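Data first, discussion second: the structure below is written as structure tokens.
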Amino acid sequence: VQLQASGGGLVPAGGSLRLSCVLSGGTSNTYAMGWIRQAPGKEREFVASISWNGRTTYYADSVRGRSTISRDNAKNTVFLQLNSLKADDTAVYYCAAARSHLASVRLNDYPSWGQGTLVTVSS
């Protein structure tokens, strides 16, 4: 499968962004989907995931309460709404398709990654 993320940009602290990821070459309702980010000089970290049917979601502690992951299987698209952005949220955000239909917090469960979209939060 191929994944194309978009929606990143420069946003002031306290602002919001909505990231999108379109899946092609497959049927999105086969896979759980996740968002992973990598800040400059840091390792990749899990952000959020959603099961194939949208009924199960997981969030990292760092974004819980400020973010919402959702999906539209009819459009093969997954979204990540980020609110109350902080400077620490600055990172490249990657969407990824899981091995199965089950949501997961483990990066190793995501073999297929998109190219990433850069989110920069100015303080």
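The values are calculated or read from the model by the stated rules, or taken from the named source; none is laboratory data. Just so we're clear, the structure is a prediction, and the values are computed from it rather than from any experiment. No Cβ is skipped: glycine too gets one built from the backbone with ideal geometry, and neighbour counts run over all protein chains shown. Accessible surface areas use protein heavy atoms only, side chains included; no ligands, DNA or RNA. Shrake-Rupley method; radii C 1.70, N 1.55, O 1.52, S 1.80 Å.
If you go through the range 90-123 and keep only what is more than 12 Å from the chain's Cα centre (by Cα), more than 19 Å from Thr30 (Cβ to Cβ), hydroxyl-bearing (Ser, Thr, Tyr) and open to solvent by less than 70 Å² (accessible area, probe 1.4 Å), you end up with Thr90, Thr120, Ser122.
Against the condition in contact with a Phe, Trp or Tyr (Cβ under 9 Å, 6 or more places away or on another chain) and modelled with pLDDT of 95 or more, how does Leu85 come out, does it pass? Answer is no for this residue.
Residues in the range 87-105 that are in a loop (DSSP other than H, G, I, E, B) and of a type in the set (A, V, I, L, M): Ala98, Leu102, Ala103, Val105.
Taken over the range 52-63, the criterion of being open to solvent by less than 30 Å² (accessible area, probe 1.4 Å) and either among the charged types (D, E, K, R) or in contact with a Gly (Cβ under 7 Å, 6 or more places away or on another chain) (or both) is satisfied by no residue.
Of Asn108, Asn53, all but one fail to be more than 14 Å from Ser20 (Cβ to Cβ), part of a helix (DSSP H, G or I) and not charged (D, E, K, R); the exception is Asn108. Can you confirm whether the range 64-86 contains a residue that is assigned to a loop (DSSP other than H, G, I, E, B), open to solvent by less than 40 Å² (accessible area, probe 1.4 Å), in contact (Cβ under 8 Å) with a residue 40 or more places away in the chain and of a type in the set (A, V, I, L, M, F, W, C)? Yes, there is a match, as at least one residue in the range 64-86 is assigned to a loop (DSSP other than H, G, I, E, B), open to solvent by less than 40 Å² (accessible area, probe 1.4 Å), in contact (Cβ under 8 Å) with a residue 40 or more places away in the chain and of a type in the set (A, V, I, L, M, F, W, C). State whether one or more residues within the range 26-44 are open to solvent by 50 Å² or more (accessible area, probe 1.4 Å), in contact with a helix residue (DSSP H, G or I) (Cβ under 9 Å, 6 or more places away or on another chain) and basic (Lys, Arg). The answer is yes, given that some residue of the range 26-44 is open to solvent by 50 Å² or more (accessible area, probe 1.4 Å), in contact with a helix residue (DSSP H, G or I) (Cβ under 9 Å, 6 or more places away or on another chain) and basic (Lys, Arg).
Among the residues making up the range 1-43, those that are over 16 Å from Leu85 (Cα atoms), in a strand (DSSP E or B) and over 12 Å from the mean Cα position of the chain (by Cα) are Gln2, Leu23, Ser24.
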